[in-house]
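What follows is one structure encoded as structure tokens, with my remarks underneath.
The values are calculated or read from the model by the stated rules, or taken from the named source; none is laboratory data. Fair warning: this is a prediction, and the values are worked out from it, not measured in the lab. No Cβ is skipped: glycine too gets one built from the backbone with ideal geometry, and neighbour counts run over all protein chains shown.
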Amino acid sequence: MPRRAERKPAGVEVRRKTKRGQPQTFGAQSVARGRCEAQRQRLAYESARILSEQGGIEFDRARRKAADRLGIGDKRCWPDNEEIQEALLQQRRLFHADEQEQTLNDLRRQALSAMREFAAFEPRLVGQTLDGTANREHGVELLLFAENPEDVALQLLDRNIPWQQRDDQFRYAGGDHLTHPVFSFLAGDLPIHLIVLPPQARRNPPLSPVSERPERGIGAAELNRLVVADV
């Protein structure tokens, strides 16, 4: 004869065993999740504030500094990069709306000018100027594609543009880390960073440090529509 499932008496609180063998109610779990979510939001806001104030530091470093300041050691309650990015956007809109709008307009127009100047290298706008969180100190990041990075240097020479060169490491899908040259110069008071990639990277560009997905960016035509729409 089949056994009937036991019915629990009404009003009896359902409990389960935790890994340590101590009973924990589902209500307590809900409270813990709510507390963790609140800590995540506080950390995202504080991390964004650190990024805004100190500029030029990585998301992970800002997150760790924020966690240390707030005393939140449980990494399960730490925000990811995209949550910090969203908090940064909210802060800029809330506290620096007019200034940020003007800054983005200036950066995007300067990016468009540089993309036209280096059109032979099929430039793509990426980074904070595209997503809306950039400041004037951070400047513009463009991906350029060339078999020989010296071709970019020669074009800078032809246009009498003083530049500085460095090598940065970029992460790709699959875990590869590759080093590419970056040519930086000033357009007025705005930094422009030309990241020179091999042509095959068009199909498989480096990962975004924020989303950790391939960062394809936008071309000059798309950026022009964006600039016109912002006027």
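For the subset of segment 114-135 comprising residues that are among the charged types (D, E, K, R) and part of a helix (DSSP H, G or I), which member is surrounded by the fewest Cβ atoms within 10 Å (Cβ to Cβ)? The qualifying residue surrounded by the fewest Cβ atoms within 10 Å (Cβ to Cβ) is Arg116. The condition of being under 18 Å from the mean Cα position of the chain (by Cα), of a type in the set (Val, Ile, Thr) and either within 21 Å of Leu51 (Cα to Cα) or surrounded by fewer than 18 Cβ atoms within 10 Å (Cβ to Cβ) (or both) does not hold for Thr179. Listed by first and then second residue, the pairs linking a residue in segment 103-119 that is more than 19 Å from Ala229 (Cα to Cα) to a residue that is part of a helix (DSSP H, G or I) and among the β-branched types (Val, Ile, Thr), with Cβ atoms under 9 Å apart and 6 or more places separating them unless they lie on different chains, are Phe118/Val152. Residues Glu83, Glu101: which one is of a type outside the set (Gly, Ala, Ser), surrounded by 14 or more Cβ atoms within 10 Å (Cβ to Cβ) and modelled with pLDDT of 90 or more? Answer to the check: Glu83.
Scanning segment 54-105 for residues that are outside any helix (DSSP H, G or I), out of contact with any Cys (no Cβ under 8 Å at 6 or more places or on another chain) and at negative phi yields Ile57, Glu58, Ile72, Gly73, Trp78, Pro79, Asp80, His96. Across segment 37-65, the qualifying residues are those that are among the small types (Gly, Ala, Ser) and surrounded by 13 or more Cβ atoms within 10 Å (Cβ to Cβ), and the one among them that is nearest to Leu88 (Cα to Cα) is Ala48.
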